Amino acid sequence: MASVHDFGKETFIAHSINSPYRQQVIDLFAQLHAPLLIGIELPTVETIKKSVRLGIGIAFAPRMCLEDELARGELVAVRIKEMRIQRELRLVYRRHARLSAAAQAFLLTAREMAVVQGSGIRD
C-alpha cells in the first residue's frame, strides 16, 4: 500500500473534465500537503490508459475501466492508504414501466443495501 506522499515526483495524467472525484483527489493532496503534478489532461479514459501504458505518467481511474488491462498485466493498480473515494450511483428505470420479477427483486435489494449503508433512495 502506498501513500499520496510517495508520488510527489510523478507526472499525473488527469481527465480534462472537472468532476467531483477529480476535485476530491486534488483536495486530498492539498490537505495532506502532498505535491500533485498534473502534467497532462486528456478527454477520455481510453487515452489516459494508453498514455500510462506508454510510460508518460500515472493516473487515477475507476477500477471498472481497468479490469481488462489489469488482467493482462498491462497496468498495475496501487492502493493508496489515505484515499477512500466513494462513487454515487443512480439506479434508473421508466417511471410507469412494469418491472419484471427479477427487476423488482433487484430494486428491493438495492433499496435494502442503501438503507444498510446509510444512503438515501428517492423514488
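The numbers here are math on the coordinates, done by the rules we state, and not lab data. Treat the numbers as computed from the prediction; the structure is a model and nothing was measured. Because the Cβ atoms are built from the backbone with ideal geometry, glycine has one as well, and the counts that use them run over all protein chains shown.
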Exercise. What does the charge dipole of the range 4-72 about its Cα centre add up to, to the nearest 20 debye, if the Cβ of each Lys and Arg holds +1 and the Cβ of each Asp and Glu holds -1?
Worked result: 100 debye
Seminar exercise, completed: Of the convex hull enclosing the alpha-carbon atoms of the chain, the direction-averaged projected area in nm² is 10.2 nm²
Exercise. Put +1 on the Cβ of every Lys and Arg and -1 on every Asp and Glu Cβ in the chain; which of Leu28, Ala97, Ala71 then has its Cα farthest towards the positive end of the dipole?
Worked result: Ala97
Problem set entry | Student exercise, the chain dipole from Lys, Arg, Asp, Glu Cβ charges, in Debye to nearest 20 | 460 debye
For this session: Once you have all Cα-Cα distances for the range 4-72, histogram them in 5 Å bins from zero and send the whole-percent values.
Result: 3, 16, 27, 25, 19, 8, 1, 0
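Run the numbers for Leu108 and Met64: contour at 0.36 nm per residue of separation, minus the present Cα-Cα distance, in nm. Write down the numbers at each step before the final one.
Working: separation 44, 0.36 × 44 = 15.84 nm, distance 2.41 nm.
Stretched fully, the Leu108-Met64 segment lengthens by 13.4 nm.
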